[in-house]
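Down below is the structure, laid out as structure tokens.
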Protein chains: 2
Amino acid sequence: MQFQISKDFVEKIQLLVEEHNNDELLLHLEELHHADIAEILDELSLDEATYIIKLLDSDKTAEVLMEIDEDDREKVLQNLNAQEIADEIEEMDTDDAADIIAELDRDIQQEVINNITDRDHAKDIIELLRYDEDSAGGLMAKELIKVNENWSVTGCMEEMRSQGENVTRVHSIYVVDNKGKLKGRLSLKDLITAPKDAHIADVYITKVDYVNVHTTGEEVARIMQKYDLEAIPVVDELGRLVGRVTIDDIVDFIREEAEKDYQMAAGISEDVQADDGLIQLTRARLPWLILGLLGGLGAVYVMQGFDEALKDYQVLFFFTPLIAAMAGNVGVQSSAIIVQGLANDSLKESLFSRLLKEVSLGLINGIALGLLVMVFGFITALPQLVSITVAVSILSVILVAALIGTFVPIILHKRGIDPAIATGPFITTSNDIFGIFLFFYISKLILGF
Amino acid sequence: MQFQISKDFVEKIQLLVEEHNNDELLLHLEELHHADIAEILDELSLDEATYIIKLLDSDKTAEVLMEIDEDDREKVLQNLNAQEIADEIEEMDTDDAADIIAELDRDIQQEVINNITDRDHAKDIIELLRYDEDSAGGLMAKELIKVNENWSVTGCMEEMRSQGENVTRVHSIYVVDNKGKLKGRLSLKDLITAPKDAHIADVYITKVDYVNVHTTGEEVARIMQKYDLEAIPVVDELGRLVGRVTIDDIVDFIREEAEKDYQMAAGISEDVQADDGLIQLTRARLPWLILGLLGGLGAVYVMQGFDEALKDYQVLFFFTPLIAAMAGNVGVQSSAIIVQGLANDSLKESLFSRLLKEVSLGLINGIALGLLVMVFGFITALPQLVSITVAVSILSVILVAALIGTFVPIILHKRGIDPAIATGPFITTSNDIFGIFLFFYISKLILGF
């Protein structure tokens, strides 16, 4: 039953656009879900996409615009004038409208806002623009259903019908007092089953989760996940109900955050996708590679400092990639677990017990791997002292790498820096150099070159 | 307004458990949200947690059990007998109940099911146990509100009140025909605003997204995200409505999948958390380190094969960690982008254009980094031919690593294997060896040792 986008269908649409065959285009597109139309537009050229946006009704295209890729949207909007953009904005929920306007250039923003006919809508949007993008205020929409605690159930049903027009999904009905302060909530089910002559004050639920406009997006996501909420009301500094955040925005938020952390761990900055352009991809990947290169050159420098070893223990140099790999892998493992623990808010142990655990883990892993190296040394007839040197180095490198991997993200987090930056190339590079230095230093101590 | 768990509070609860002060315990815990109680239980010892589970009402503890850590839950359930578990199951939604029963040992499963008093509930649970855990059938709950298309609006309101008791959140009312086939949906709002004497057939919406019991969890998540759905009905092979999947389960599913991919990229298998035990953490981390170790030993072997270079070009060996780091970083970058593209279903380019793009990217990055190495060589007075060798090797290694990183996950995906396994240690290790081999091979060609 799902619509499946096909190459044939896209080509047909392209042909119809070329022929300016509007009737046929409308016939094909009008029945589609806006998310499907967005998927088609992502396949079209900018001109073709703009043509279709201008052709379709703005109540449809407003939703389509919210679904297409951010870069594409920016370009499409550049092809529309302020009046045309305002028409789209008029049809959007306030949260989407504010997001779109925030993406526009400063000079056109004011013009678009002036062109919005519904002044209340414009006022709501301006209010939302004040908040930080990643706060509850930035994520919330103004659309919701609120009733006064002093109303009767019948009056409330009436009011609900009129307010309901602007609200796609009701979730909860929020109850406020005369000053607009949030007092509680009511489900549609409760309202239907309540006696008709009752007052809201008699039937509403006083227990209601809410967040403040300044609550961070992470915190909103955490609360909504923990309590399985589908919407959460947002209050201002005075406790007045000013909006609500719905789960669909939080789903997008969670996915984007997870993607960002994942890319960071893989050494990709900026939010890039596989089908982005070469320049964007290079900008996201090259800086991390340069970091890795500098680390590698640092390792060259470290090894030059130990070049006396080349005379008698050349074989040690064969082991440097092994040492670097161990240091890098352990560092990433440790930091990834911490970063994820911080993101989930599941890190409850004290710093000391963390330390104890990482040291124990490092000892277990280090001894196991050290023994494997001894076996390898025995089989390949390495001088025994060299085997011991490599094994001891692996153990030490693992311990140090685990501690760096654990504490760097914790320290960054405490200082308010995103700890995810500490995973990936950052940790591998620093651990590479440090590990190689430690390796040769230990070798020098044991082998005495 | 959110409950904040504190050390003092946990200690107070522990003291009350020790004193068997049930009245006080109930006083403290009864008013709390089940997710908060779960958070407290996670801090307690197994015996203390079991004590509280036995003390509280099963309508509360049923929900608490769903929220606590899976390992803890398993242990708590081992302290309950079949009748006590059945009491908990009785209070759960069918999807949660089926998940819990699936976690039990086979021999106790049957006994628990036999102890469930509500036979319809038991039947529903048994039906759900048939489906794969990660399919729509395994994710869905049987609780939903369905009405027959031939009913009147008034009759429907009546029916809804009685069915509604078992359903926490209504979302949509589903419309079926006499054979139970899904025909459409109806919102509570539509029902309230419809004329009382109308028939459901006149007012329902025929356009309804649905999935089949065998649809994969990934696909369900994709559809619900794409169309911003909060619930989706599930039909069987004959198109009959058999359950629905709600967004809260999908939110958990998305988060778990993202975490799995992230851990895989960081070289951590199994689903571990920072506060898991040493054995579990070792089991999740050591295998990947052994893989890295074997890779490192492989590199030793490769370099031994090129040991003639040691006579005249010892400096080359200082560059092996650099080459390995470049190969590893590029490989992870490329594979992470592909894995994410596959997960998002946003990979629309053809294989050939992917190839072209990766080669172009590799050329840009490789030339940039190669030039940097030339500059480094100039400053540190490296023999010019050595600088050229390293630069050319970096370019080649980046190209090869990018291709491996791109195509390994694509091939794995085509063969039905989770491509995420190709990120992290797997790709870094193979790229390390390959990169080092390529480096010395190119060195031999250029420098002729």
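Of the residues screened, A:Gln340 is not one that is farther than 22 Å from B:Leu286 by Cα and assigned by TED's automatic domain parsing to the domain that holds A:Ile436. Looking for something among the hydroxyl-bearing types (Ser, Thr, Tyr) and touching a helix residue (DSSP H, G or I) at 6+ places or on another chain (Cβ under 8 Å) - is there at least one such residue anywhere in segment A:355-363? Yes - at least one qualifying residue is present in segment A:355-363. Condition first: part of a loop (DSSP other than H, G, I, E, B) and either in contact (Cβ under 8 Å) with a residue 40 or more places away in the chain or under 28 Å from A:Val272 (Cα atoms) (or both). Can you find one or more residues in segment A:13-25 that meet it? No, because not a single residue in segment A:13-25 is part of a loop (DSSP other than H, G, I, E, B) and either in contact (Cβ under 8 Å) with a residue 40 or more places away in the chain or under 28 Å from A:Val272 (Cα atoms) (or both). Note on segment B:111-209: enclosed strands (runs of 3 or more DSSP E) holding 3 or more residues that are in contact with a strand residue (DSSP E or B) (Cβ under 8 Å, 6 or more places away or on another chain), farther than 24 Å from A:Val153 by Cβ and outside the structural domain of B:Glu84 (by TED's automatic domain parsing) are B:172-176, B:182-187. Against the definition (within 14 Å of chain B (Cβ to nearest Cβ), buried (at least 17 other Cβ atoms within 10 Å of the Cβ) and part of a helix (DSSP H, G or I)), how does A:Glu39 come out, yes or no? Yes, satisfied. Total residues in segment A:305-334 satisfying the condition of being part of a helix (DSSP H, G or I), at the interface with another protein chain (Cβ under 8 Å from one of its Cβ atoms) and polar (S, T, N, Q): the figure is 3. From the list A:Ile411, A:Ile446, A:Ile436, A:Ile404, the one residue that fits, being open to solvent by less than 30 Å² (accessible area, probe 1.4 Å) and in a helix (DSSP H, G or I), is A:Ile436. For residues that are without any contact (Cβ under 8 Å) to a residue 24 or more places away in the chain, part of a helix (DSSP H, G or I) and small (Gly, Ala, Ser), scanning just segment A:257-304, find the one that is nearest to A:Ile436 (Cα to Cα). Restricting to residues being without any contact (Cβ under 8 Å) to a residue 24 or more places away in the chain, part of a helix (DSSP H, G or I) and small (Gly, Ala, Ser), the top hit is A:Ala284. Filtered by the rule that a residue be assigned to a loop (DSSP other than H, G, I, E, B) and either charged (D, E, K, R) or under 26 Å from B:Leu291 (Cβ atoms) (or both), segment A:346-376 gives A:Lys348, A:Glu349. Each residue in segment B:42-76 was checked for being outside any loop (DSSP other than H, G, I, E, B) and either within 22 Å of the chain's Cα centre (by Cα) or among the hydrophobic types (A, V, I, L, M, F, W, C) (or both), and 17 pass.
Yes/no matrix, rows are residues, columns are (1) more than 30 Å from A:Gln225 (Cβ to Cβ); (2) within 11 Å of chain B (Cβ to nearest Cβ); (3) surrounded by fewer than 19 Cβ atoms within 10 Å (Cβ to Cβ):
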| residue | (1), (2), (3) |
| --- | --- |
| A:Ile337 | no, yes, no |
| A:Gln340 | no, yes, no |
| A:Leu369 | yes, yes, no |
| A:Thr389 | yes, no, no |
| A:Ala422 | no, no, no |
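For residues that are small (Gly, Ala, Ser) and touching an Asp or Glu at 6+ places or on another chain (Cβ under 6 Å), scanning just segment B:42-63, find the one that is least open to solvent (accessible area, probe 1.4 Å). Within segment B:42-63, the match that is least open to solvent (accessible area, probe 1.4 Å) is B:Ala62.
Total residues in segment B:72-95 satisfying the condition of being open to solvent by 10 Å² or more (accessible area, probe 1.4 Å) and in contact (Cβ under 8 Å) with a residue 40 or more places away in the chain: the figure is 2. Residues being more than 12 Å from every other protein chain (Cβ to nearest Cβ), surrounded by fewer than 21 Cβ atoms within 10 Å (Cβ to Cβ), over 28 Å from B:Glu70 (Cα atoms) and more than 25 Å from the chain's Cα centre (by Cα) are entirely absent from segment B:160-173. Is there a residue being within 7 Å of another protein chain (Cβ to nearest Cβ), open to solvent by 20 Å² or more (accessible area, probe 1.4 Å) and within 16 Å of B:Phe440 (Cβ to Cβ) anywhere in segment B:230-250? Checked segment B:230-250: no residue is within 7 Å of another protein chain (Cβ to nearest Cβ), open to solvent by 20 Å² or more (accessible area, probe 1.4 Å) and within 16 Å of B:Phe440 (Cβ to Cβ).
Is segment B:106-125 home to any residue that is touching a Ser or Thr at 6+ places or on another chain (Cβ under 6 Å) and at pLDDT below 90?
Start the filter on segment B:106-125 by keeping residues that are touching a Ser or Thr at 6+ places or on another chain (Cβ under 6 Å), which leaves B:124-125.
Add one more test, that the residue is at pLDDT below 90, and what stays is none.
Scanning segment B:106-125 turns up no residue that is touching a Ser or Thr at 6+ places or on another chain (Cβ under 6 Å) and at pLDDT below 90.
Failed condition for B:Val208, given (1) facing chain A (nearest Cβ under 9 Å); (2) open to solvent by 40 Å² or more (accessible area, probe 1.4 Å), with all others met? Condition not satisfied by B:Val208: (2). Flag: B:Ala343 does not match the condition of being over 25 Å from the mean Cα position of the chain (by Cα) and part of a helix (DSSP H, G or I).
The values are calculated or read from the model by the stated rules, or taken from the named source; none is laboratory data. Computed from a prediction, not measured in an experiment: that's the story for all the values here. Positions of Cβ are generated from backbone atoms using ideal geometry, with glycine treated the same way; all protein chains shown enter the neighbour counts. Protein only, heavy atoms only, side chains kept; ligands, DNA and RNA dropped before computing areas. Shrake-Rupley method; radii C 1.70, N 1.55, O 1.52, S 1.80 Å.
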